[in-house]
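The values are calculated or read from the model by the stated rules, or taken from the named source; none is laboratory data. Keep in mind that this is a model prediction, so the values were computed, not measured. Note that each Cβ is placed from the backbone with ideal geometry, even for glycine, and that neighbours are counted across all protein chains shown. Ligands, DNA and RNA are excluded from the accessible area calculation, which covers all protein heavy atoms including side chains. Shrake-Rupley method; radii C 1.70, N 1.55, O 1.52, S 1.80 Å.
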2 protein chains.
Amino acid sequence: MPIIQPVRGTRDFYPEDMAFRQWLNNQIREASAQFGYQEFDGPFLERLELYAAKSGDELVKEQSYVFPDRSGSMIALRPELTPSLARMVAQRGKGLTLPLRWWSFGPFWRYERKQKGRSREFFQWNIDLIGVDTPEADAELVAVAATLFRNVGLTADMIRIKVNNRRLAEKQLQEIGIQGELLPITFRLIDRQDRMTPDAWKAYALESGLKEDQFKGLVKVLEDLEAWKSSPEMLQYFKAVEALGAGEYLDYDPTVIRGLDYYTGTVYEARDVKGNHRSILGGGRYDDLVSVVGGDLIPATGFAMGDVVFGLVLDENGIAPDLRVCPADILITTFEESSKSISIQIATELREAGYRVEWYPEPVRLQRQLKYADRNEIPLVVIIGPDEMESDKVSLKDMVSGEQKTFSRSDLLSRIKNQLSG
Amino acid sequence: MPIIQPVRGTRDFYPEDMAFRQWLNNQIREASAQFGYQEFDGPFLERLELYAAKSGDELVKEQSYVFPDRSGSMIALRPELTPSLARMVAQRGKGLTLPLRWWSFGPFWRYERKQKGRSREFFQWNIDLIGVDTPEADAELVAVAATLFRNVGLTADMIRIKVNNRRLAEKQLQEIGIQGELLPITFRLIDRQDRMTPDAWKAYALESGLKEDQFKGLVKVLEDLEAWKSSPEMLQYFKAVEALGAGEYLDYDPTVIRGLDYYTGTVYEARDVKGNHRSILGGGRYDDLVSVVGGDLIPATGFAMGDVVFGLVLDENGIAPDLRVCPADILITTFEESSKSISIQIATELREAGYRVEWYPEPVRLQRQLKYADRNEIPLVVIIGPDEMESDKVSLKDMVSGEQKTFSRSDLLSRIKNQLSG
């Protein structure tokens, strides 16, 4: 019989894969905690209408996994967290003490073409500051991102955070006659520029309703690297970014606009320098979303970062962590059927003393048991062979030095204490 | 506009809920690590056929969330982990060094009637020992469970682990003429006994094909608390449980059989004493499953424990943990617009010194900022008011004692060091 295959676009997390996911989760927890953020989570299933409001057609119609539940309502596997967050804030309303600083790390699903750096089932860090509509709040978020980057060894020459502001962009576009319905269309156009050839992009712009001179004006807007200096909001933002010690990672970039419909102010993306300038994280301000899902008008800002591209970027920069997978400090070997109980009792005693102890569950050749310890990088092995049994002794083998010593069983705990603290 | 509602049977994890989920995850991680188990995870989506093989009709046909993907294959939101684990072991085959000790904690979905202790989207601990077919392996698993119980304060008078063995049960049933096709039917019958009245259960037994004398024999089998003494396997199992220090939690119980079709040997359930003897965890030996999904014949044993009932049992026994939600050590207050930068800089300096620092992002009344610190149990507050600004000083308020001291800004770090270590 052939082995039943996994679902395309999902991943199996064998212990070595899981060690990376857990390491990333811990790094995210630490960076978030350094700024006082509290962990939360939404459900993994939500009604489709929650996303229909503001997430944009691409995400809702093309990328979401959707199915009817037994009552007939359309359910989506969450493709992103922000709408759930907005719903949760709307639901508690005045029961929450603002500001809220919340973060989360969990699974999301998007139906995407299979390619490097994409997985249909992926993990994402979400972090948001809710209830504050100042440039400093936006600045704090990128400072949290910069803290994570620094903590894992991603320096400012490996990764750049590209920032823009939709209010500034709106003003610039209005000056060249782009407004009303043409505005969201032009935002979408800007967002897709790097996925198209210049000719195709121009054709798409004209088809979308831009006039030739508006298109020329748009090209100029996207090339103007000084425009932020005319925005008091962005001046205040960059000042706060400096005070937060995150300035070295940031660039103003008028071509960044982000694809989601709900952004209202600051928008940004982190991209790697070495690779194809892939987007590592993205976020921005979304002051309307809580009210759109039925709550009060509560301002908010935040970002999301996926696990897959982040892992690739660490690899390509040679800074992926070297992780131990097996948690055991000590392996207790088994010599023969009749000695199983003694081995198990020793393991139990050592666990009660606070050690992490694995027991080899079969009396196979000692060589194989030692090889098992070696492969799992277990530093100490306790051996109770026939000689040891007879004289109530045990042997302790240090797997790093290879040194092996035999002594009275009653000395085992103090010997282990010496070895593992040494 | 009304607030968009969550999906029935899902849960929102506000920070205080998430703190419990994370605490439970850490307790599970610690108990698993004490025995050398490595963390892994399967995908959240699997092909329906993976469960069709051996999970039993109730789980597959009545409880699974199933939908067709865009290629037309039937996909299930995982209702349990064991089949994914078997598939992963089958897939790697000889590339894995046996024995494997693996654990996981993650989300699962089952379409169940909404009731206390049930959630359609829930979290589950799974832990398995793969590649060993001895009673000691089965015993180790319940010792891990007992370790978790002990670590969280669930004593042996609050919780009992009820154990049986399907091979022993099979032998007992054969002695009263129940065999062949009647065997799995009788196992299902035993599994449902506690969900039916005695009369209804007898009627169900006779309808299922049991003769009157077989039914009488079955009742006797289910009342015989000494039968385990005739099973060398169970004798060896209970001996190992004692050596593992877990004996105080265990009872032999011939009425425990478990609902899943894939169990082949030891089966068990932990139940709480105070409540309705609800099932807290359940597991057993499943030696065929890896081969059923297409791999080699590899023996395995393990259990699963859900988060919802476990939380209720802790509550009802008065041992639910008291958890702090906000990670910040220090809150930096903000006096006025023009002092924001100074506040942010102080926060940045303290973070660089290793502290977890939250910044109050708006110059509202100091009272409100202090109330925020109090609600979030942040132990220290730094105040930079007009007096402090003028003289380059800061004030530090201890939120526990209420004491407040003013000193030179350059002394802040050493003062905080004293306060937080003291």
Checklist entry - What length, rounded to one decimal in nm, is gained on full extension from B:Arg70 through to B:Glu16, with 0.36 nm per residue of separation minus their alpha-carbon distance? => result 15.6 nm
Checklist entry - Comparing the chain by itself with all protein chains present, which residues of region A:40-70 are at least 30 Å² less accessible (probe 1.4 Å)? => result A:Asp41, A:Pro43, A:Phe44, A:Leu45, A:Arg47, A:Tyr65, A:Phe67, A:Arg70
Checklist entry - Amide H neighbours of A:Thr264 under 5 Å, counting only residues 5+ apart in sequence or on other chains, H built in-plane at 1.01 Å? => result A:Arg285, A:Tyr286, A:Asp287
Checklist entry - To one decimal in nm, how far is B:Asp213 from the same spot in the other copies, if labels go 7 Å from Cα toward Cβ? Please give the shortest first. => result 10.5
Next on the checklist: Using a 10 Å cut-off around each Cβ of peptide B:120-126, what is the average number of partner chain Cβ atoms that fall inside?
Outcome noted: 1
Checklist entry - Hey, if we sort A:Glu316, B:Glu269 by accessible area with the 1.4 Å probe, largest down, what's the order? => result A:Glu316, B:Glu269
Next on the checklist: Taking θ = phi - 60°, what integer Hz values does the Karplus form 6.51 cos²θ - 1.76 cosθ + 1.60 yield along region B:81-93, in sequence order, with x for Gly and Pro?
Outcome noted: 9, 3, x, 5, 4, 4, 4, 5, 5, 4, 5, 7, x
Item to check | Pairwise label distance in nanometres, B:Leu183 with B:Asp398, each label 7 Å out on the Cα-Cβ vector | outcome: 7.1
Item to check | Principal axis dimensions, region B:330-421 - Cα atoms, whole angstrom, descending | outcome: 33, 29, 23
Checklist entry - How large is ³J(HN,Hα) for each residue in region A:62-74, as worked out from phi by the Karplus curve 6.51 cos²θ - 1.76 cosθ + 1.60 (θ = phi - 60°), to whole Hz, x for Gly and Pro? => result 9, 10, 7, 7, 10, 8, x, 8, 5, 8, x, 6, 7
Checklist outcome for this item: Residue-normalised 222 nm signal for chain B, counting each DSSP H run of n ≥ 4 as -39,500 (n - 2.57), nearest 500 deg cm²/dmol, is -11500 deg cm²/dmol
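Could you compute how much accessible area chains A and B hide from each other, both sides summed, with a 1.4 Å probe? Nearest 100 Å² is fine.
Roughly 8700 Å² of accessible surface disappears when A and B pair.
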Next on the checklist: Rolling a 1.4 Å sphere over the protein heavy atoms, what is the accessible area per residue of region B:127-279, to the nearest Å²?
Outcome noted: 43
Checklist entry - Once you list every other residue whose beta carbon is under 13 Å from the beta carbon of B:Leu366, what net charge do they have if Lys and Arg are +1 and Asp and Glu are -1? => result -1
Checklist outcome for this item: For the protein assembly as shown, the accessible surface attributable to carbon and sulfur atoms (probe 1.4 angstrom, ligands and nucleic acids excluded) amounts in percent to 48
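Stokes-Einstein at 20 °C, 1.002 mPa s, Kirkwood radius from Cα pairs: D for chain A in µm² s⁻¹?
The estimated diffusion coefficient comes to 85 µm²/s.
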Checklist outcome for this item: Label points for A:Leu48 built 7 Å along Cα→Cβ; distances to same position in the other copies, nm, shortest first, come to 1.9
Checklist entry - What lysines sit close enough to A:Lys397 to cross-link, taking a C-alpha to C-alpha distance under 22 Å and skipping anything fewer than 8 places away on the same chain? => result A:Lys340, A:Lys371, A:Lys405, A:Lys417
Checklist outcome for this item: Computed about the Cα centre, the charge dipole of region B:240-327 from +1 Lys/Arg and -1 Asp/Glu charges at the Cβ has a magnitude in debye, to the nearest 20, of 160
Checklist outcome for this item: Between B:Asn151 and B:Ser208, the two model label points (7 Å from Cα along the beta-carbon direction) sit apart by a distance in nm of 3.7
Checklist entry - If you stretched the chain out fully between B:Lys94 and B:Glu112, how much longer would it get, using 0.36 nm times the residue separation minus the C-alpha to C-alpha distance? => result 2.6 nm
Item to check | Rounded to whole Hz, the Karplus (6.51, -1.76, 1.60) HN-Hα couplings of region B:255-261, x for glycine and proline | outcome: 8, 8, 9, 6, x, 6, 6
Checklist entry - When chain A is modelled as a GNM with alpha-carbon springs shorter than 10 Å, which of A:Thr333, A:Thr82, A:Thr255 fluctuates the most? => result A:Thr333
Item to check | Estimated FRET transfer efficiency (A:Ser414, A:Leu323; beta-carbon r; R0 30 Å; 0.05) | outcome: 0.45
Checklist entry - Between A:Glu242 and B:Lys220, what is the FRET efficiency for a Förster distance of 60 Å, r being their Cβ-Cβ separation, to the nearest 0.05? => result 0.15
Next on the checklist: With respect to the axis carrying A onto B, what is the closest chain A residue by Cβ position, and how many angstrom separate it from the axis?
Outcome noted: A:Phe67, 2
Checklist entry - Any idea what Rg and Dmax come out to for region B:1-115 if you just take the C-alpha atoms, in Å? => result 17.2, 59
Checklist entry - Taking the C-alpha atoms of the protein assembly as shown, how large are the radius of gyration and the largest Cα-Cα span, Dmax, in Å? => result 30.2, 96
